[in-house]
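Written below as structure tokens is the structure these notes are about.
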Amino acid sequence: MKSIYLGNTTMDATLSFVMANMAQCQPNHIALDPFCGTGGILLACAEYGSYVVGSEFDWRLLTAKAKPTKANTKNLARKPDEMMYKNFSDYGTLNRFLGVVGADFAYPPWRPAFSFDAIISDPPYGIRESSQHKSRRQGDATDTEPEKYDLTNIYVDLINFANIYLRIGGRLVFFMPTHIMTYDESLLPTHPCFKLFSNDEQQLNHTTSRRLITMIKVRESTGDEKATVNEKLFNNFRDLYFTPNTKIWEQLNSENDTSNSSVVSKKRNHDE
Ligand SMILES: C[S@@+](CC[C@H](N)C(=O)[O-])C[C@H]1O[C@@H](n2cnc3c(N)ncnc32)[C@H](O)[C@@H]1O
């Protein structure tokens, strides 16, 4: 059976299961996706028996007002019950769907005493919008630009959030976009209370990849311990994503002519 409630960012079902598996989702666990979109990842977590909860700041996704994206359905209105809960209902896991909270991840609404067994997410890569912004808060000036929420800060916030809200032994599983030529393992995010469990690459095009990262919380924080995310990791990710491959190959070939370098040797040089 196919899910009915989908959007143009819905996580591929197979990858959702890989993520839920990496997070060791199981019965009686509670899993959170703080950028849940249409709930694709949560569906897989529920299938493994976990109770699931999401948060998302796009009200059109929360209320299923965004247009359907399946082939030949773009001009059709969604059916009244074409919403996230219907997917859980169709798969027989509605009793594990705790619900979705409308919230900007920059301002988490959860009580600090609350604890999740797994936090699993595919945060926005900034591809659809040239820049991402935090929501305006009550009292913020409306005549100024809202505060920018760049990739580095999103990942810093995600790991610091997991440090507060994940139980010890719980897993933080997330996708993270990287640029193939400039990626270096030493740039990966770290936090003193987490150990890196796995780092797997999925290539998106000739220049960009995304990495599925699994981190395990190994101890409680003893003070003001924070995540470190090197901003070089995201190096103009959006610009590179949109650079046509032909242009990149042209550029590389012209560099080859002058320096006899290749993609591989360039990467090697970078690594050295
Ligand atoms: C890559 S999509 C994840 C899609 C999801 N995995 C699914 O299956 O539909 C990222 C989601 O994060 C949401 N988002 C972006 N910025 C956010 C923020 N500051 N707080 C909460 N959600 C945000 C977007 O609206 C989008 O739905």
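Read-outs throughout are calculated quantities, based only on the coordinates presented, and are distinct from any laboratory measurement. Because the structure is a prediction, the values reported are computed rather than measured. With ideal geometry, Cβ positions are generated from the backbone for all residues, glycine too; neighbour counts draw on all protein chains shown.
Quick notes
- Separation of alpha-carbon centers, segment 156-197 and segment 86-116, rounded to whole Å: 21
- The length gained on full extension between Lys226 and Asp12, counted as 0.36 nm times the residue separation minus their Cα-Cα distance, comes to 73.9 nm.
- Note on the chain: with charges restricted to the Cβ of Lys and Arg (+1) and Asp and Glu (-1), its dipole about the Cα centre is near 800 debye.
- Note on segment 13-243: lysine pairs with Cα distance below 15 Å, sequence gap of 8 or more or different chains, count 9.
- Evaluated at q = 0.12, 0.22 Å⁻¹, a Debye calculation over the C-alpha positions of segment 1-104 (equal weights, vacuum) places log10 I(q)/I(0) at -0.35, -1.17.
- Sequence-ordered 3J(HN,Hα) estimates for segment 172-177 from the Karplus curve with 6.51, -1.76 and 1.60 and θ = phi - 60° stand at 10, 10, 8, 8, 9, x Hz, glycine and proline given as x.
- Per-residue [θ]222 nm for the chain (sum of -39500 (n - 2.57) over DSSP H runs n ≥ 4, rounded to 500): -8000 deg cm²/dmol
- Inter-label distance for Arg111 and Arg136, nm, one decimal - labels placed 7 Å from Cα along Cα-to-Cβ: 3.2
- Note on Ile4 and Leu204: with the Förster distance fixed at 25 Å, the Cβ-Cβ geometry gives a FRET efficiency of about 0.40.
- Summarising the strand pairing of the chain, around 55 percent of its internal DSSP beta bridges are antiparallel.
- Seen from Thr178, the other residues with C-beta closer than 9 Å to its C-beta sum to a net charge of +1, counting Lys and Arg as +1 and Asp and Glu as -1.
- All distinct Cα pairs of the chain go into the 1/r average, and the inverse of that average, the Kirkwood radius, is 20.1 Å.
- More than 17 angstrom apart: percent of Cα pairs within segment 115-197: 58
- Each of Leu196 and Leu98 was given a label point 7 Å from its Cα along the Cα-to-Cβ line. The distance between the two points is 3.0 nm.
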